[in-house]
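Please read the structure below before turning to the comments.
The values are calculated or read from the model by the stated rules, or taken from the named source; none is laboratory data. Keep in mind it's a predicted model, so treat the numbers as computed, not measured. As a convention, Cβ positions derive from the backbone with ideal geometry for all residues, glycine included, and neighbour counts pool all protein chains shown.
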DNA sequence: ACAATATAGTTTGACATCCAACTGTTTGAG
DNA sequence: CTCAAACAGTTGGATGTCAAACTATATTGT
């Protein structure tokens with residue numbers, strides 16, 4: 001436990017977040033604020049996934065990218081950028097890292113000398129498969145937490161993403 | 001629109017995300033994955049807030065911090081760190097920036113020479129108020145999108161954050 | 001009382017991310 | 001056909017984040 005187990009220090013203004021673990025408070029004003037709860041839920045979920053992946057020495061940030069490539073077969077960095085929602089320049093370094101570790105390979109395109117196709121190597125497929133297994137496991141935990149309300153949640157999250 | 005309006009380039013493997021704006025696709029595997037939708041909804045919401053705040057030349061990242069201080073009166077960096085869920089070292093630079101712009105002031109503590117209390121200045125209160133107004137507006141947009149399902153969503157998000 | 005331990009804040013280093021500017025390539029309007 | 005505009009990828013600079021190491025101060029066990 002990284003933070004102090006000191007007396008809760010004047011809880012007049014905050015609301016307790018988690019019944020069990022470390023004290024985490026938040027301003028009372030945020031109690032009903034969707035954006036805030038969206039953020040903490042997302043961070044909690046990502047953190048939990050990261051813990052599972054970290055135990056296997058895998059980078060959770062790779063998962064989306066490898067999965068996109070796994071489905072698509074191959075893609076240019078710009079396409080990849082659109083599909084994963086990150087800037088093209090962000091992908092430059094990520095792809096360099098993935099390439100250096102032998103998870104992907106680049107093939108120069110014959111019809112456009114500016115660009116190249118990225119595809120998974122055998123190692124890349126393997127890592128994708130292992131990360132996917134973790135994702136399945138993670139999703140199972142969320143299923144348990146959400147029960148029959150899961151579809152409702154997905155619907156609302158999609159609505160936010162598409163309509164805001 | 002930052003990205004190319006080229007032909008959608010082989011949509012065999014992706015699912016369209018937003019009917020209107022830029023093409024954004026995602027792997028079919030993620031279609032029912034809570035973690036993924038949590039992430040895109042959170043990013044969309046934060047981005048929308050950022051646009052509104054950016055127009056007023058305000059940093060959205062300051063909002064939580066200033067609001068916590070507004071409610072609490074004063075706090076040490078470590079307490080602030082726990083309340084906003086960021087590492088203590090992250091706060092060092094943020095507080096330096098807020099201090100440099102005159103939004104907060106530091107007071108050495110008499111009973112602990114290692115630490116100090118942070119509190120809002122008049123300017124800080126003003127910026128907090130303006131960011132809060134933006135947050136209210138943002139929340140109103142989300143209310144419109146979610147309608148009566150908002151409470152349901154909040155309940156589920158809280159459940160994820162507390163139980164995962 | 002004092003040595004060992006814990007804590008508060010900072011510094012440094014590693015990433016991920018964005019944007020703006022740059023290089024080389026392709027396209028398209030005239 | 002040519003050259004200006006669009007585009008692909010990269011580079012560099014800024015910010016936000018964390019973890020680990022560090023400095024100074026407090027607390028605690030004996």
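Is region A:112-131 home to any residue that is out of contact with any strand residue (DSSP E or B) (no Cβ under 8 Å at 6 or more places or on another chain), within 12 Å of chain B (Cβ to nearest Cβ) and in contact (Cβ under 8 Å) with a residue 40 or more places away in the chain?
yes
How many of the residues in region A:63-86 are away from DNA strand D (no atom under 15 Å from the Cβ) and closer than 9 Å to residue B:27 by Cβ?
4
Please determine whether any residue of region A:33-50 is more than 7 Å from every other protein chain (Cβ to nearest Cβ) and modelled with pLDDT under 90.
So far as region A:33-50 goes, no, none of its residues is more than 7 Å from every other protein chain (Cβ to nearest Cβ) and modelled with pLDDT under 90.
Here is a list of conditions, (1) within 13 Å of DNA strand C (Cβ to nearest atom); (2) within 10 Å of chain A (Cβ to nearest Cβ), and residue B:100 meets all of them except one; can you say which number that is?
Here residue B:100 meets the rest and fails (2).
Take region A:65-86 and flag every residue that is without any contact (Cβ under 8 Å) to a residue 12 or more places away in the chain and facing chain B (nearest Cβ under 9 Å).
A:71, A:72, A:79, A:81, A:82, A:85
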